[in-house]
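Inspection log for the structure reproduced underneath, given as structure tokens.
Every read-out reported here was derived from the displayed coordinates using simple, explicitly stated rules and does not represent laboratory data. Because the structure is a prediction, the values reported are computed rather than measured. Please note: Cβ atoms are built from the backbone with ideal geometry, for glycine as well, and neighbour counts cover all protein chains shown.
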Amino acid sequence: MDTVLQFFNDQLIMIYLLLFTIILGFEVISKVPTILHTPLMSGANAISGVVIIGAVLLIRQADSNDYISLILGTVAVVLGTVNVVGGFAVTDRMLEMFKKKKN
Amino acid sequence: MLLDSYINLSYLVGAIAFVWGLRLLASPDSARRGNIWAAVGMVIGIIATLIKPMTQGDNNYIWIVLGIIIGGIAGWLAAKRIKMTAMPQMVSVFNGLGGACAGVLAMAELIKYYDGSVFMQTGQLGIALFALLVGSVSFTGSMLAFGKLEGLVKDKNVILPKHNVINIILLAATLILSVWLLLEGQQAGITFALVFLILALIYGFSFVAPIGGADMPVVISLLNSFTGLSAAAAGLIYNNQIMLVGGILVGAAGTILTVLMCQAMNRSLANVIIGGFGTAGPTKGGGETGDQVVKEATFNDTAIQLYYANSVMFVPGYGLAVAQAQKVVKELDDLLEANGVDVKYAIHPVAGRMPGHMNVLLAEADVPYPKLLDLEEANSAIKDTDTVVIVGANDVVNPAALDEPGSPIYGMPVLEVWNAKNTLVLKRSMSPGYAGIPNPLFFHQKNRMLFGDAKDSLQKIVQEVKNM
């Protein structure tokens, strides 16, 4: 129990952020209309590519001969970038189609 | 120190851009701007991370640049080349890669932890294990979902006898091992962390294995939320706010879509995961329809019927995507509208293989979105519709959902197309749909069948209409 409370105290701000973001996320996303659910999903995919930031931190913090970190980090950067670039590009492609046919 | 403050400020701006971008997705008019906002937020976050002052390490920029170039080219090409009909596959792959990314990061941190170069408190260890578990499950689960959607993997080849029992044992073993790893701390050693990783990867595959076809929208949404959770957990590992916010937003999006998809099928999530109707085998109910006869339509009759109708409603399903028939539907729509026919489209929430799948296809074919009706709007409009044309949809128009308590889809909200004056089903053959559930609509006195490939049939109707 002590370790849990300790952890809670140490991470207080992150826990606040976590909970408030959950509430905000549900509020914002529940307003997305059905017709945009596929772009929402691919856009969310792109946003989940934000893990690339962790990968960049991992690589930058590594020593130049720490090949395990460097290789894993680079793999993670590749995966994250595919997500970010591919996700935003394909979402843009879809939304362009929705936009041009307003009649 | 000053630069550090700017970095933190950039993360804040980036996180706000994510939220604002998603907010703009509330309307098709602003949605594209929303996506750009989110992308800008991402670029700000990444640049800030690249220039953030470090207290340790050698920067190793060459590795980062290499990764960004490879990933950027791959992502760009995939996004530009993918067909709109293949969007569920694409989303599955991207989703799996996101999960893998978080999993790889968690593993890298765990390797440092077990070789003694980094210390973690129990809470931090728990978060790393969580990120590894959820990221891995999301990765293999999404890859299998991709394989199924692409037709590379057949459901029957990956389903084991007593699959649900195997899944429960696998999950229990994985969770027990994670608790043990938490209690043992560094003494557990890297070997057991690797066993944990392997268990998580197997579980991801195994949990998606029995779920297929019409349940795909639920699985894809659920995997999407897993990827978000793993990204958020990675954010906690690195104590990075923008990663946390981004991950949680994705988790929320996936969760909302999962709930909506389950509601649209009137089933609980547990019911979808533990045994969808896709695995139930031959089902009871409607079995006596075997000796009833269906009425076949001809292209010429159909063309006349549609051309002189007051109102026509199309009901697209997964078959429309398979046949790539969205543009022919629009062509027919234009010809009918030119003759004063009121044309609408009825979109069931689980039509297709992912949330909103049909909307994207019809948008690609330039169908204006005000013509798309959701389930409730469509059901109230159907009564005044002359002909409903069902293109590659099946379970979402099955009357058994309303009046056959024995049917596996009993209770699922469906499009009540039999309330229209006539219905027309475009279908390859009489074989039941994905779920293997007989559809009494085919034998309904108001219904006619038009057998053949949907695109092919529609083209012939278009030709007949043009000749009139």
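Helix A:12-29 versus the longest principal axis of chain A: what is the Cα-based angle in degrees, 0 to 90, to the nearest 10?
That helix lies at roughly 10 degrees to the long axis.
How far is it, in nm, from the label point at residue B:327 to the one at residue B:69 when both lie 7 Å from their Cα along the line to the Cβ?
Rounded to a tenth, the inter-label distance reads 3.7 nm.
Please turn the phi angles of the range B:7-22 into ³J(HN,Hα) values with the Karplus equation 6.51 cos²θ - 1.76 cosθ + 1.60 (θ = phi - 60°), one per residue in order, whole Hz, x for glycine and proline.
Each residue of the range B:7-22 in turn: 4, 4, 4, 4, 4, 4, 4, x, 5, 5, 4, 4, 5, 5, x, 5 Hz.
Show the residues, 5+ positions off or on another chain, whose built amide H is closer than 5 Å to the amide H of residue B:311.
B:342, B:386, B:387
Do the sum for chain B: with -39,500 (n - 2.57) for every DSSP H run of n ≥ 4, divided by all residues, what is the mean residue ellipticity at 222 nm, to the nearest 500 deg cm²/dmol? Walk me through the intermediate numbers first.
Working: 18 runs with 285 residues, N = 468.
After summing the helix terms and dividing by the residues of chain B, the value is -20000 deg cm²/dmol.
Charges only on Cβ, +1 for Lys and Arg, -1 for Asp and Glu: so what's the dipole of chain B about the Cα centre, in debye to the nearest 20? Don't jump to the answer; show the numbers that get you there.
Values: 29 positive and 32 negative charges, 108 e Å.
With Lys and Arg at +1 and Asp and Glu at -1, about 520 debye.
Could you please rank B:334, B:395, B:342, placing first whichever residue has the fewest other Cβ atoms within 10 Å of its Cβ?
Numbers: B:334 13, B:395 27, B:342 16.
Fewest-to-most Cβ neighbours within 10 Å comes out as B:334, B:342, B:395.
Hey, what angle do you get for helix B:87-114 against the long axis of chain B, alpha-carbon based, 0 to 90 degrees rounded to 10?
That works out to roughly 20 degrees.
Under the 0.36 nm per residue contour assumption, what length would be gained going from the current alpha-carbon distance of residue B:376 and residue B:304 to full extension?
Computed gain between residue B:376 and residue B:304 is 23.0 nm.
So between residue B:157 and residue B:5, what do we pick up on full extension, going 0.36 nm a residue minus the alpha carbon distance? Let's see the in-between values first.
Values: separation 152, 0.36 × 152 = 54.72 nm, distance 5.49 nm.
Length gained, residue B:157 through residue B:5: 49.2 nm.
Taking only the C-alpha atoms, wrap a convex hull around the protein assembly as shown and report its volume per residue in Å³ as a whole number.
Hull volume over Cα atoms, normalised by residue count, gives 141 Å³.
For a quick check: sort B:298, B:227, B:55 by the number of other beta carbons within 10 angstrom, fewest at the front. Could the numbers behind the result be given before it?
Numbers: B:298 12, B:227 37, B:55 5.
Going from least to most buried by this count: B:55, B:298, B:227.
Where in the range A:53-85 is the amide nitrogen less than 20 Å from a point lying 7 Å along the Cα-to-Cβ axis of residue B:81?
Those under the cut-off are A:78-85.
Can you compute the charge dipole magnitude of the range A:34-103 about its Cα centre, using +1 on each Lys and Arg Cβ and -1 on each Asp and Glu Cβ, nothing else charged? Give it in debye, rounded to the nearest 20.
Details: 6 positive and 4 negative charges, 122 e Å.
Magnitude of the dipole: close to 580 debye.
What residues qualify as long-range amide H neighbours of residue B:390, i.e. H under 5 Å apart, gap of 5 or more or another chain, H built at 1.01 Å from N?
B:315, B:424, B:425, B:426
Using Cα-Cα distances under 8 Å and only pairs 6 or more residues apart, what relative contact order does the range B:287-467 have, in percent? All intermediate terms of the calculation are to be shown ahead of the outcome.
Values: 345 pairs, mean separation 54.0, N = 181.
Worked out over the range B:287-467, it gives 30 percent.
Note down the magnitude of the dipole of the range B:86-279 about its Cα centre, charges +1 on Lys and Arg C-beta and -1 on Asp and Glu C-beta and zero elsewhere, to the nearest 20 debye.
Details: 6 positive and 6 negative charges, 75 e Å.
Value, rounded to 20: 360 debye.
How big is D for the range B:1-81, in µm² s⁻¹ as a whole number, if Stokes-Einstein is applied with the Kirkwood radius of its Cα pairs at 37 °C and 0.692 mPa s? All intermediate terms of the calculation are to be shown ahead of the outcome.
Values: Rh = 14.5 Å.
Estimated diffusion coefficient is 226 µm²/s.
Helix B:190-208 sits at what angle to the longest principal axis of chain B, using alpha carbons and giving 0 to 90 degrees rounded to 10?
10 degrees
Using a 10 Å cut-off on Cβ to Cβ distances, tally the other chain neighbours for every residue of B:346-358 and report the average as a whole number. Show your work: numbers first, answer last.
On the way: counts 0, 2, 0, 2, 0, 0, 1, 0, 4, 7, 12, 3, 3.
Going residue by residue through B:346-358 and averaging, the value is 3.
Can you give me the relative contact order of the range B:86-279 as a percent, contacts being Cα pairs under 8 Å and 6 or more apart? Please list the in-between numbers first.
Numbers: 287 pairs, mean separation 53.6, N = 194.
It comes to 28 percent, rounded to a whole number.
Just list whichever of A:31/B:455; A:99/B:83; B:154/B:427; A:99/B:327; B:83/B:466; A:31/A:99 have alpha carbons separated by over 23 Å in the model shown. Don't jump to the answer; show the numbers that get you there.
Working: A:31/B:455 35 Å; A:99/B:83 18 Å; B:154/B:427 21 Å; A:99/B:327 17 Å; B:83/B:466 29 Å; A:31/A:99 18 Å.
In this structure, A:31/B:455; B:83/B:466 exceed 23 Å between Cα atoms.
Any chance you could list P(r) for the range B:399-468, counting all Cα-Cα pairs in 5 angstrom bins from zero, rounded to whole %?
Answer for the range B:399-468: a P(r) of 3, 14, 20, 21, 20, 10, 6, 3, 1, 0 percent.
For a test of the definition: using alpha carbon positions, the gyration tensor, and the 1.5 limit on a/c, classify the range A:34-103 as rounded, prolate or oblate.
Numbers: a/c = 4.96, a/b = 3.97, b/c = 1.25.
Because a/c hits 1.5 or more and a/b exceeds b/c, the range A:34-103 counts as prolate.
Averaging sequence separations of C-alpha pairs under 8 Å and six or more residues apart, then dividing by the length of chain A, give the relative contact order as a whole percent. Write down the numbers at each step before the final one.
Details: 55 pairs, mean separation 30.3, N = 103.
Rounded, it is 29 percent for chain A.
Rank B:465, B:365, A:69 by how far each Cα sits towards the positive end of the charge dipole of the protein assembly as shown (+1 on Lys, Arg Cβ; -1 on Asp, Glu Cβ) and give me just the farthest.
B:465
Post the alpha-carbon centroid distance, the range B:447-468 to the range B:296-331, in whole angstrom.
Using only Cα atoms, the two centres lie 7 Å from each other.
Could you tell me which residue out of B:108, B:163, B:189 lies farthest along the dipole of the range B:54-191 toward its positive end? Charges go on the beta carbon: Lys and Arg +1, Asp and Glu -1, centred on the Cα centre.
B:163
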